[in-house]
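Data block below; observations after.
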Amino acid sequence: MNEQRNPLLQRGLTHRRDFLRLMGIGGLGLAAAACGVSGQGGKQNVTKSEVEKFWAGKAKNGKLNWANWVGYIEDDRATLKNFTKATGIEVTYKEVINENAEWFGKINEPLRAGQSIGFDLMVMTNGIQLEQCRQLGYLAPLDHSRLPNFAANAGAAFKNPSYDPDNTFTVPFMSGITGIAYNTKYVKEPITKWSDLLNPKYKGKIGMMADSQELGNVGMFLTGADPEKSTPADWEKAAAKLREQRPLLRKYYNQDYIEAVTKGDVWLTMAWSGDAYSLAGPEVKFVIPEEGGTLWTDNLCVPKTAENPVDALELINYLYDPQVNAPLTEFITYITPVPGTKDLIQKKADAAEGEAKEELESFLTSPLVYPSEQDLAKLRRYRTLSQEEKEQYQQIFTPIPQGS
């Protein structure tokens, strides 16, 4: 469905991409927690009055600037054009996010100084950098009275995530799964486990991601640890296993792994579900390994220094209309937070014929877009890290793709 998208440009959730902070180990169990955030001054509880105070006096300006990853909106920007027709709000949309740590590096200083970053809306993956933004007080608390479509149409699994209780600062944009993609032209046996990426027969034809959180989770899957409950001892053991794997690899990838596996430069690689679904050739298969996979979420959030925050909220609310979200989901091919889109796409499939009908039916039954509870039960989240733990975690895993 995304034939026009260039694999070299496809956004990779590099650390992206963990819808799984939403998920309980058994499937859709949600972690309950009090609304709060540890900021620079310690524990910060965001009360209703504080939310009202932030939004008091703020009005619609008729424009907004949105920072997003590549490949996360239709090529013709149809959703944004329709939004402008419906609301009169002009959207300047820029594909300027390539990796969460890099993006945080760009916005950290101006946000710390209380300055505008030039964007009113941005998309960040739940993980280390989003948690930093939350803890440092960089995000505006959302006024949910302005988000009725989220309340009405968001799936239960997308509300009240453990990484952002009560969706105080974020709502999901799209979610995805980290698993394995392999090219059946070269790999004749079924790939079913992360340990298949340590098979010497594939030496020089194996790809891994360079991101520390993604690598860390795979290392823990390989050593039998649960990433969500892991300890520093588990991290060290996982890092040792990943170093053991390193001589077998062709490369640690950021965003070009799909082109590599499609062309045969690598035969099997860590991969994100949406990329594998929409960008790979028919010979490339995606699997959630038996040991488990990672589920992540890319989140919509408003910087506290946004110049047009009310307009940003209006766009967020618009995106949670199933009629709006359905064509966007068809294009992006990741897991939508708006389950009502499935019925709309099914009606489209029922009315279609031939190849178009087959494509839509395949889309609707894909666990990479609409996963079952059984699929979700195999997935785990990134470990939620304190500042001290984050530094220790990164010291352990960041050197691995750097060769040390």
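The values are calculated or read from the model by the stated rules, or taken from the named source; none is laboratory data. Since the structure is predicted, the reported quantities are computational estimates derived from the model, not experimental observations. Positions of Cβ are generated from backbone atoms using ideal geometry, with glycine treated the same way; all protein chains shown enter the neighbour counts. Accessible surface is based on the protein model in full, side chains and every heavy atom, while ligands, DNA and RNA are left aside. Shrake-Rupley method; radii C 1.70, N 1.55, O 1.52, S 1.80 Å.
One line per residue, one yes/no per condition, for (1) within 15 Å of Pro227 (Cβ to Cβ); (2) touching a strand residue (DSSP E or B) at 6+ places or on another chain (Cβ under 9 Å):
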| site | (1), (2) |
| --- | --- |
| Glu355 | no, no |
| Glu359 | no, no |
| Ser372 | no, no |
| Leu379 | yes, yes |
| Arg383 | yes, no |
| Ser386 | no, yes |
| Lys390 | yes, no |
| Phe397 | yes, no |
| Pro401 | no, yes |
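Somewhere in segment 293-301, is a residue closer than 30 Å to Phe158 by Cβ, modelled with pLDDT under 90 and open to solvent by 40 Å² or more (accessible area, probe 1.4 Å)?
no
Exactly one of these conditions fails for Ala351: (1) more than 23 Å from the chain's Cα centre (by Cα); (2) crowded, with 19+ Cβ neighbours inside 10 Å; (3) without any contact (Cβ under 8 Å) to a residue 40 or more places away in the chain. Give me its number.
(2)
Please name all residue pairs, on different chains or six or more residues apart, with Cβ atoms under 7 Å, provided the first residue is in segment 127-147 and is closer than 13 Å to Pro303 by Cβ and modelled with pLDDT under 95 and the second residue is open to solvent by less than 20 Å² (accessible area, probe 1.4 Å) and among the acidic types (Asp, Glu).
Arg134/Asp164
Considering Thr305, Thr341, Thr333, Thr329, which residue is over 20 Å from the mean Cα position of the chain (by Cα), crowded, with 19+ Cβ neighbours inside 10 Å and not charged (D, E, K, R)?
Answer to the selection: Thr305.
Which residues, counting only those in segment 367-381, are open to solvent by less than 10 Å² (accessible area, probe 1.4 Å) and assigned to a loop (DSSP other than H, G, I, E, B)?
Correct list: Val369 only.
Can you name every residue in segment 237-255 that is more than 28 Å from Ser162 (Cα to Cα) and over 24 Å from the mean Cα position of the chain (by Cα)?
Ala240, Lys241, Arg243, Glu244, Gln245, Arg246, Pro247, Leu248, Leu249, Arg250
Grab the strands (runs of 3 or more DSSP E) fully contained in segment 43-127, keeping just those with 2 or more residues being open to solvent by 60 Å² or more (accessible area, probe 1.4 Å) and among the aromatic types (Phe, Trp, Tyr). Let's see the steps before the verdict.
Working: elements: 63-69, 90-97, 121-125.
By residue number, no strands (runs of 3 or more DSSP E) qualify.
Tell me, please, whether a residue that is in a loop (DSSP other than H, G, I, E, B) and either crowded, with 23+ Cβ neighbours inside 10 Å or out of contact with any strand residue (DSSP E or B) (no Cβ under 6 Å at 6 or more places or on another chain) (or both) can be found in segment 238-255. Break it down stepwise before answering.
So in segment 238-255, the residues in a loop (DSSP other than H, G, I, E, B) come out as 254-255.
Then keep just the ones that are either crowded, with 23+ Cβ neighbours inside 10 Å or out of contact with any strand residue (DSSP E or B) (no Cβ under 6 Å at 6 or more places or on another chain) (or both); that gives 254-255.
Yes, that holds for at least one residue.
With the checklist (1) within 30 Å of Val46 (Cβ to Cβ); (2) open to solvent by 10 Å² or more (accessible area, probe 1.4 Å) in hand, flag the one item Ala210 doesn't pass.
Here Ala210 clears every test but (1).
If you take the residues of segment 80-128 that are acidic (Asp, Glu) and touching a strand residue (DSSP E or B) at 6+ places or on another chain (Cβ under 8 Å), which of them is farthest from Leu315 (Cα to Cα)?
Glu95
Do we find a residue being closer than 22 Å to Pro161 by Cβ and either at pLDDT 95 or above or not aliphatic (A, V, I, L, M) (or both) anywhere in segment 341-353?
Filtering segment 341-353 down to residues closer than 22 Å to Pro161 by Cβ leaves 341-342.
Adding the requirement that they be either at pLDDT 95 or above or not aliphatic (A, V, I, L, M) (or both) leaves 341-342.
Yes; the residues of segment 341-353 include at least one that is closer than 22 Å to Pro161 by Cβ and either at pLDDT 95 or above or not aliphatic (A, V, I, L, M) (or both).
Mind checking whether some residue in segment 278-290 is on the phi > 0 side of the Ramachandran plot and open to solvent by less than 10 Å² (accessible area, probe 1.4 Å)? Explain how you work it out, then say what you get.
In the first step, residues of segment 278-290 are kept if they are on the phi > 0 side of the Ramachandran plot; the result is none.
No, because not a single residue in segment 278-290 is on the phi > 0 side of the Ramachandran plot and open to solvent by less than 10 Å² (accessible area, probe 1.4 Å).
Does Asn149 fit the bill of being open to solvent by 10 Å² or more (accessible area, probe 1.4 Å) and within 22 Å of Phe331 (Cβ to Cβ)?
Values: open to solvent by 10 Å² or more (accessible area, probe 1.4 Å): yes; within 22 Å of Phe331 (Cβ to Cβ): yes.
Considered against the rule, which asks whether it is open to solvent by 10 Å² or more (accessible area, probe 1.4 Å) and within 22 Å of Phe331 (Cβ to Cβ), Asn149 comes out as yes.
Quick one: would you say Met209 is under 26 Å from the mean Cα position of the chain (by Cα), free of Cβ contacts under 8 Å to residues at least 40 places away in the same chain and within 30 Å of Gln129 (Cβ to Cβ)?
Working: under 26 Å from the mean Cα position of the chain (by Cα): yes; free of Cβ contacts under 8 Å to residues at least 40 places away in the same chain: no; within 30 Å of Gln129 (Cβ to Cβ): yes.
For Met209, the condition - under 26 Å from the mean Cα position of the chain (by Cα), free of Cβ contacts under 8 Å to residues at least 40 places away in the same chain and within 30 Å of Gln129 (Cβ to Cβ) - is not met.
Can we say Asp234 is surrounded by fewer than 17 Cβ atoms within 10 Å (Cβ to Cβ), farther than 16 Å from Ile180 by Cα, in contact (Cβ under 8 Å) with a residue 12 or more places away in the chain and over 17 Å from the mean Cα position of the chain (by Cα)?
Numbers: surrounded by fewer than 17 Cβ atoms within 10 Å (Cβ to Cβ): no; farther than 16 Å from Ile180 by Cα: yes; in contact (Cβ under 8 Å) with a residue 12 or more places away in the chain: yes; over 17 Å from the mean Cα position of the chain (by Cα): yes.
It is false that Asp234 is surrounded by fewer than 17 Cβ atoms within 10 Å (Cβ to Cβ), farther than 16 Å from Ile180 by Cα, in contact (Cβ under 8 Å) with a residue 12 or more places away in the chain and over 17 Å from the mean Cα position of the chain (by Cα).
Kindly indicate whether any position in segment 215-227 is surrounded by fewer than 24 Cβ atoms within 10 Å (Cβ to Cβ), farther than 25 Å from Ser372 by Cα and more than 23 Å from the chain's Cα centre (by Cα).
Yes, segment 215-227 has at least one match.
Consider Val266 against the criteria (1) at pLDDT 95 or above; (2) among the hydrophobic types (A, V, I, L, M, F, W, C); (3) farther than 25 Å from Phe104 by Cβ; (4) assigned to a strand (DSSP E or B): it satisfies all of them except one. Which criterion is unmet?
That leaves (4) as the condition not met.
Within the group Thr398, Thr384, which residue is buried (at least 16 other Cβ atoms within 10 Å of the Cβ), at pLDDT below 85 and not charged (D, E, K, R)? Steps first, answer last, please.
Working: Thr398 fails: at pLDDT below 85.
None of the other options fit; the residue is Thr384.
Looking at segment 280-292, I want the residues that are under 19 Å from Gly219 (Cα atoms) and have a partner that is of a type in the set (Ser, Thr, Tyr) and surrounded by fewer than 18 Cβ atoms within 10 Å (Cβ to Cβ) with Cβ atoms under 8 Å, at least 6 apart or on another chain. Which pairs are those?
That search, which allows pairs on different chains as well, returns Val287/Thr192; Pro289/Thr192; Glu290/Thr192; Glu291/Ser195.
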